[in-house]
Amino acid sequence: MKKQLIIYGILIIAFILYNFLEPVKDQKADTLINILFASALFLYIAYIAYLVLKKMGKKDK
């Protein structure tokens with residue numbers, strides 16, 4: 001579980017750095033990249049939640 005949290009922390013740091021540095025000048029492309037990045041973060045949260053629930057289910061048996 002520690003590995004997943006480290007990866008999630010790296011993704012958040014990359015998202016924050018991207019928003020501070022603004023490498024893309026086109027507003028539409030920048031918005032699209034932000035939406036895709038945020039979607040990936042939420043998908044990874046769902047993956048971590050799935051792993052936690054899976055581990056909790058194994059403990060009950």
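The table below gives the values:
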{"read-out": "ILE16-LEU51 FRET efficiency (beta carbon distance; Förster radius 35 Å; 0.05 resolution)", "value": "0.90"}
{"read-out": "Calculated log₁₀ intensity ratio I(q)/I(0) where the Debye formula runs over C-alpha points of the chain, q = 0.13, 0.28, 0.30 Å⁻¹", "value": "-0.46, -1.13, -1.20"}
{"read-out": "Heavy-atom accessible area per residue - the chain, 1.4 Å, Å²", "value": "84"}
{"read-out": "The chain: Lys pairs at Cα distance under 20 angstrom, eight or more positions apart or on different chains", "value": "7"}
{"read-out": "Solvent-accessible area, 1.4 Å probe, carbon plus sulfur percent, for the chain", "value": "73"}
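The values are calculated or read from the model by the stated rules, or taken from the named source; none is laboratory data. Remember, it's a predicted structure, so these values are computed and weren't measured experimentally. Every residue, glycine as well, gets a Cβ built from its backbone with ideal geometry; the counts of neighbours run over all protein chains shown. Just the protein is used for accessible areas: all its heavy atoms, side chains included, with ligands, DNA and RNA removed. Shrake-Rupley method; radii C 1.70, N 1.55, O 1.52, S 1.80 Å.
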